[in-house]
Structure formats: structure tokens, C-alpha cells
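What follows is a set of notes on a single structure, which appears directly below.
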Amino acid sequence: MNLYAVINGDWVDSSAYSQKEKQEYLKIVKILFSEINKIKQSGLINTFEITRLDSFQGVTERPEKSLIITLLLRSYLRAKLTRKFNPSYEGKIQRPFFKRVPDIRFAIGVGEAVLKAKFSESDGAAFTASGRLLEEMKGKKEKILITSPWKEVDEEFEVQFALLDALISRWTFFQSEVIFYKLSGNTEKEIAEILQISQPAVNFRTQTAHWWVIEKLLERFERVIIKNIS
């Protein structure tokens, strides 16, 4: 049985932002889609599609990679949107107080799918499950959830993703952007060159963002999904 993972993303409280800010959001999202598409090991099919002004959707043929894709999207958007929507912040290392920290909720649906040229025309259990889950998440605290053919998997990661949410909610945009590049497979030296900061600064942000926890969760997620698929 060939299973896919459909990832639906939705901008939390998007109605609270101005039209100008929404246009900035779209620019940033489109750049992100281009970056994500370069990561071939993700198994992404084509690229993400914007389904509404504040929502988007993507599909991977490797469900075990759906969490790392989701974290790539979330870390990048938290970094770029937080910086964009708090222009008066000058960029100090210590954790700042932001008036607004934009965030995205993600619903991962694992299941069979019938793919068409456009995801909006595609169908199947993965699409239905992901869309339904995203609607159920609105108004709730959860920012990442999964629905799959395996109840025990959903229950395990509901708890683990709640702890992950608590961790991510404390990231500064400095930490978020470093985590994005770590997830992309870059070394600390390469990240230092990209961000034009020192390697010790990269290491500090990596450690204070609790990168080791992210690694363990990603490893566990991949093992569990692969085991259930095979």
C-alpha cells in the first residue's frame, strides 16, 4: 500500500493582520516554498500550493519526512515573520518581548491519495484527514498534530507534539532561523557564513533552542512511521 502524507498549514489569527502584512506574508511564504523544494530527500511532490491567502498545502511520498518538513516550514516562518512584524526591535541576543509572534498550525494526514496535477484537484484519505484535522485544530492550543491509519501513533505523537509546541513557543527568531538551517542539513560553520555571525553564536543558539530534543523526536518519528508502513 502506497501511503502519502498531506501537510496543511494555516496562519494562526491571520485576521488580526493588515492587508500590507498579509502581502508580506505571501512573499515570505513563496520564498520558503522555493527553499523547501530544494531539499530532495524530503520526497516532496512538486512544491507547496497556496490554497487561500492564509493557508497552504503540500504532499510528500515519504510520510516519515512529514515532521521535518513541518518543522522546516514553522521555524522559517516564525523567524521571518516575527522579524518582519516587529520592525522596531533592534536585534539583541537576549530573549526579547515581541508584541506579535506570528505562528502557523499544521495538520499532517497520512493515508492513501489520488494525485492530480494540482493538489486542489487531488483526493483520497490523506487529503480528507489532513483537511478535517486542520479544521478541528482551530481555536485549540495545538500547533502540530497528525492523523494516520494507526491510532497508537496518533496518540503517542499528540503528547510529544504538545511538548514540542511548548519548546518552539519559546524560540526567539535568532533560534528559529538557526534551527531552520540545521534542519536543512547545514553545519554550524556553514550557518555562521549564511547568517554572518560567529560559529560560537550559532552553537549557543542551537543549544539554547534544545536542538538535541528536536533530533531525538525526528529520529523517533521516522522509526515509528517507517515501521508501520512496512
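Inside the stretch 193-212, residues that are among the hydroxyl-bearing types (Ser, Thr, Tyr) and either exposed (fewer than 14 other Cβ atoms within 10 Å of the Cβ) or touching a Gly at 6+ places or on another chain (Cβ under 8 Å) (or both) make up a count of 1.
Cβ separations smaller than 8 Å between residues 6+ apart or across chains give the following pairs from the stretch 207-227 residues that are more than 15 Å from LEU71 (Cβ to Cβ) to residues that are at pLDDT below 95: THR208/GLN175. Residues in the stretch 138-192 that are among the polar types (S, T, N, Q), buried (at least 22 other Cβ atoms within 10 Å of the Cβ) and assigned to a helix (DSSP H, G or I): GLN175, SER176.
Within the stretch 115-134, the set of residues being modelled with pLDDT of 90 or more and either among the aromatic types (Phe, Trp, Tyr) or within 19 Å of PHE48 (Cβ to Cβ) (or both) comprises GLY124, ALA126, PHE127, THR128, ALA129, SER130, GLY131, LEU133, LEU134.
So in the stretch 5-49, with the set limited to residues that are small (Gly, Ala, Ser) and surrounded by 14 or more Cβ atoms within 10 Å (Cβ to Cβ), which one is farthest from the chain's Cα centre (by Cα)? By that ranking, first place goes to SER14.
The values are calculated or read from the model by the stated rules, or taken from the named source; none is laboratory data. For clarity, every value in this text was computed on a predicted model and none was experimentally measured. All Cβ positions, even for glycine, are placed from backbone atoms using ideal geometry, and neighbour counts span all protein chains on display.
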